[in-house]
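S.K.: Take this structure, written in structure tokens, and hold onto it; I'll ask about it next.
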Amino acid sequence: MRILKDAIKLVWAISGDRSLGHISRECPLSNSGQILVVAPDRGLRRSLEFALEVEGFIVLPFEDVTAALASPRAAEGACIVIDEDALLDDPLATATVQRFKRPTVLLIDRSRPVAESLGMQVLRKPVLGNALIRAVRAAETNRTV
């Protein structure tokens, strides 16, 4: 992430153009909080991490809910993005996430009305466009998308 920031600063210094195409004032490189990402599948976890970091978020990636919420850095998280497989793999994970008291974005393969009733924002996979970014920004400000 630091390399990306340094590269953008260098381009700004050379060109004087601060828009850099898709990186705008609306999408700053510094964020208001860290995002916990929980996904058992390494490929999905890395994809989510990359998508969020490109938008300037600091991402704390984890394989399971227990590890994520046991981390000393978990308290710094503005919200948590969880793949449904992380909840299905651990019967106590949903209750653990609810006790975390942070906005939650749940990524699902199929409709799960129980997740919405638990106060989680739900995104159906595959997540297209910038739906994930909109959901995380909304979660950070405790809004729904």
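S.K.: Counting residues in the stretch 31-140 as N, plug N into 2.2 N^0.38 Å and put the Cα Rg over that result. Kindly include the intermediate steps, with their values, before the conclusion.
M.R.: Working: Rg = 12.3 Å, N = 110, 2.2 N^0.38 = 13.1 Å.
Rg over 2.2 N^0.38 Å, computed on Cα atoms: 0.94.
S.K.: Another question, if that's okay. With the cut-off at 1.5 for a/c, could you classify the stretch 37-77 from its C-alpha gyration tensor as rounded, prolate or oblate? Walk me through the intermediate numbers first.
M.R.: Values: a/c = 3.85, a/b = 1.23, b/c = 3.15.
Taking the square roots of the gyration eigenvalues as a ≥ b ≥ c, the stretch 37-77 is oblate.
S.K.: Still on this structure, I have one more. Would you please put 128-139, 92-103 in order of how densely packed they are, using the mean number of other Cβ atoms within 10 angstrom per residue and starting with the highest? Write out the running numbers ahead of the final one.
M.R.: Working: 128-139: 17.3, 92-103: 15.6.
Descending packing order for the listed peptides: 128-139, 92-103.
S.K.: Expected output is a single nm value to one decimal: the length gained when fully extending between residue 67 and residue 141, i.e. 0.36 nm times separation in residues minus the C-alpha distance. What is it?
M.R.: Value of the extension gain: 24.2 nm.
S.K.: What ranking do 70-81, 54-65 get when scored by the average of other Cβ atoms within 10 Å per residue, highest first? Can you show the working numbers first?
M.R.: Numbers: 70-81: 16.9, 54-65: 18.8.
Top of the packing list down: 54-65, 70-81.
S.K.: Starting from the Cα of residue 90, step 7 Å along the direction of its Cβ; do the same at residue 54; then give the gap between the two resulting points in nm.
M.R.: Computed distance between label sites residue 90 and residue 54 equals 2.9 nm.
Readers should treat all values here as calculations from the given coordinates under stated rules, not as data from a laboratory. This one's a predicted model, so the numbers in the text were calculated from it and none came from an experiment. Neighbour counts run over all protein chains shown; Cβ positions are idealised from the backbone, glycine included.
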